[in-house]
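The values are calculated or read from the model by the stated rules, or taken from the named source; none is laboratory data. Please read these numbers as outputs of a predicted model, since none were measured by experiment. Positions of Cβ are generated from backbone atoms using ideal geometry, with glycine treated the same way; all protein chains shown enter the neighbour counts.
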Amino acid sequence: MLFNSAEFLLFFPLVVAAYFLLPARGRVYWLLAASYYFYAAWKLEYVLLIMGSTLVDFWVAQRMAATDHQPTRRRWLYLSLGFNLGLLAIFKYANFLGENLQLVFDNFNIMAELPHWDFLLPVGISFYTFQTLAYTLDVYHGRLQPERSLAHFALYVSFFPQLVAGPIERAGRLLPQFRQKMSFDAQRIIGGVQQIIWGLCKKLVIADRLGVYVGQVYGNYEAADGPALWLATIFFALQIYCDFSGYSDIAIGAARVMGFELMDNFHLPYLARSPREFWARWHISLSTWFRDYVYIPLGGNRVKRGRWLLNILLVFALSGLWHGANWNFVIWGVGHATLLIASLLLAKTWQRVLGQGRGVKLLNWFLTLLFVLLLWVFFRAENLSQSLHILTELLSTPFNWTAAAWQNLFNFREAGRLYLDLFLVLAFILADPWLDGQVKRLRSGESFRYGPLIVPTLLAIILIFGYFGEVAFIYFQF
Amino acid sequence: MAKLIKNGLIGIAVATTVYFALFFVLTQVQLSGKPAIYWTSDVLFPKGGHAYQRFQEFDPQRQYDALILGSSHAYRGYDPRIFAEAGLEVFNLGSSSQTLMQTYQLAKAYAQPSTTSFVILDLYEAALIGDGMESTADLSQNLPEDAPANAILCAQADIRGINMWTLRQLMRADSASYLTSAYVRQGYVTSADSVGQRAPYVEKASIQDFQLHYLEELIILLRTRGIPLMLVYSPLPSDYVAATVPAFDEAVLPILERYDHTLIDFRTRLPLKDEAHFYDAHHLNQAGVRLFNEALLERIQPLVIE
């Protein structure tokens, strides 16, 4: 069930209404049932996976808490890691691994044919396995007491607003909220609805519209000139931002309507003036997950310089792999690691030579954006050869604004639609910083400034400009 | 709760005002040669074309021997002039990508016992697949009467229907933005009488249950009104027959059996040649239409007299 579907439009108000009508002790069970229903709407069998993951981690945490014997605790931890990463390995990485092993076998003339599995990737598996892993690791390290209620823990794993694409929540934040009796607070509900509408606007008006041009150009990349590829790549950067941050806004808003606060996931990432800042603003819940559960345990920056840089490289390569079983994602991750390492190593020299003036800040912003854009090519392209072809075109013909190249821009979308897309992009770029500020106000119990005018306007814009093809959110595939 | 309701009502009022104001502006602003509103969506069609011409010519009060319904196979495949040679006055209410949902709504509005002796429905696989959005976009702008247009928009049950409805209201006074010379009369549109580039059959979406439901509703509606319904499958090129027959038969024939209805099946009955009697991948040219219509008339004349 997609957030941008008619089913969700019916499902969500029903769940919320019943939630507030039910006595406090029944609410967790109601939300759990609703969450399983939400997940089963994709495929009934998927629910068994999430139940399995829930049961294993609930039980493992109990067993770990029952003993002080460290080797035993570690064995329980390995069981949890094995089960969750095993699920990911089977459903997400088995074929990738098999295909690459097959290549190695073929190169060495080893006569072996590895099987190919036709598993359908369970939606959101990367998100909820990381969420349960965080719980187990927190319990193992003594940062968290194990949850005694299976229902509460099951809801933590499957809470429908953030189940399929995050934000990846920490048990220490979310589980205590399930024990609170949430009141029917009109101000808070209005705030939640406002954030949902803003998220829908980003998804339907920007992401899905731009996705049409991106799909056309990347789908016919050999027929596209440099300018068309640049425009499509810029559109993709906006598409993925609006798609994913739009999803996060809907998730956070939906949870807020019921009284739950989820963590922020985005904060104007394309305004970042360094790679480090970009990652503090982009997919924050995943970045902090990798920081807390991979980077720091590896030693973080409290190790020798070579090891530190290796830690960064490893974390970003894993982050790339988390996104998908494809070398393109790994290269995307490694590319970001390289960018980050270069910026960290050169930061002082850069500052000493160029200073800290406004012009330098602008240059920093431009360079960060440029490299982020170029790396998105790996994320969007189907394979490595396509990525390299597009990158070559982008870098070799960036100023090839001949009449033919100009005409080529319109080969992928009618001129009127493309002009309208550009107008909407411009309007979005101008409005996003202000609206992001309004979203931040919601955390302190306030609502959008000029909300009675702004939010209905957003609704009207959605209705007129929205792309209502029920396009799935990009991050669902991860 | 009172605050929530108050805010909700204010929000709806403001959203409605902004929506109509913005929509109006977009109908006035020209972008790439037409009002900007048409670039906002793939399903906002300007008023005009053969659908406009057809429904302008059609007189619901007039007596017809038969109304013909269906998709492009209907309005390009049943020539009222050939029917007239056999003494039958028919009007072709087929329209682009018409699905069973729209067919049902059109029959409900226009097939009245006082004016219609019988109805011919051209059944074609494409009338049963897809969501019918294209036809709703077409008919919602070109039907002169509000009632059937609104009924189709409601039955479509899609949020984009709101924009189609608004466009209809704002463009009500405007004349057609274009007309087609291919339109003959009585709803019929000619096909170029030459064989074009043959395209192979492209697999489409599967048959939709809700469209089958409308087939049943149509049968029931016309039976209730006492209007005979002739279900006809017009001729198809050989590759289409091979590709579409099994799925169509599996979905449709049990329904017809349930209602004791027969299908007048011309899919393979006539000795038509793919290159000589079709002008594109699956539409009959005028030579094909003549052969088909004459064969059909031969088949249905006894039923009409009866």
For this session: Go through region B:205-306 and tell me which helices (runs of 4 or more DSSP H), entirely inside it, have 1 or more residues that are at pLDDT 90 or above and surrounded by 13 or more Cβ atoms within 10 Å (Cβ to Cβ).
Result: B:209-225, B:238-258, B:286-305
Exercise. Among the residues of region A:212-228, is there at least one that is over 18 Å from the mean Cα position of the chain (by Cα) and free of Cβ contacts under 8 Å to residues at least 60 places away in the same chain?
Worked result: yes
Problem set entry | Answer residue from region A:269-288, given it is outside any helix (DSSP H, G or I) and under 14 Å from the mean Cα position of the chain (by Cα) and is farthest from A:Ala165 (Cα to Cα) among those | A:Trp282
For this session: Output yes when any residue across region A:57-68 is under 25 Å from the mean Cα position of the chain (by Cα), of a type in the set (Phe, Trp, Tyr) and at pLDDT 90 or above, and no when none is.
Result: no
Exercise. Looking at A:Ile462, is it within 17 Å of A:Pro227 (Cβ to Cβ), in a helix (DSSP H, G or I), touching a Leu at 6+ places or on another chain (Cβ under 6 Å) and modelled with pLDDT of 90 or more?
Worked result: no
For this session: Output the qualifying pairs, or none if there are none: Cβ atoms under 9 angstrom, residues six or more apart or on different chains, first residue in region A:404-423 and within 13 Å of chain B (Cβ to nearest Cβ), second residue among the charged types (D, E, K, R) and exposed (fewer than 14 other Cβ atoms within 10 Å of the Cβ).
Result: A:Gly416/B:Lys34
Seminar exercise, completed: Selection over region B:123-165 where residues are more than 26 Å from B:Pro235 (Cα to Cα) and assigned to a helix (DSSP H, G or I) yields a count of 21
Exercise. Which of the residues spanning region B:1-41 are within 9 Å of chain A (Cβ to nearest Cβ), in a loop (DSSP other than H, G, I, E, B) and more than 24 Å from B:Ser181 (Cα to Cα)?
Worked result: B:Met1, B:Ser32, B:Thr40, B:Ser41
Exercise. Only one residue in A:Arg173, A:Arg188, A:Arg179, A:Arg143 is basic (Lys, Arg), under 21 Å from A:Ser287 (Cα atoms) and over 24 Å from the mean Cα position of the chain (by Cα). Which one?
Worked result: A:Arg143
Problem set entry | Qualifying residue in region A:140-147 (condition: of a type in the set (A, V, I, L, M, F, W, C) and outside any loop (DSSP other than H, G, I, E, B)) | no
Exercise. In region A:238-266, what residues are among the charged types (D, E, K, R) and assigned to a helix (DSSP H, G or I)?
Worked result: A:Asp243, A:Asp249, A:Arg256
Seminar exercise, completed: When region A:450-461 is checked residue by residue, the ones that are more than 9 Å from every other protein chain (Cβ to nearest Cβ) and in contact with a Phe, Trp or Tyr (Cβ under 9 Å, 6 or more places away or on another chain) are A:Ile454
For this session: For B:Leu69, state whether it is at pLDDT 95 or above, surrounded by 17 or more Cβ atoms within 10 Å (Cβ to Cβ) and either more than 14 Å from every other protein chain (Cβ to nearest Cβ) or more than 30 Å from B:Tyr240 (Cβ to Cβ) (or both).
Result: yes
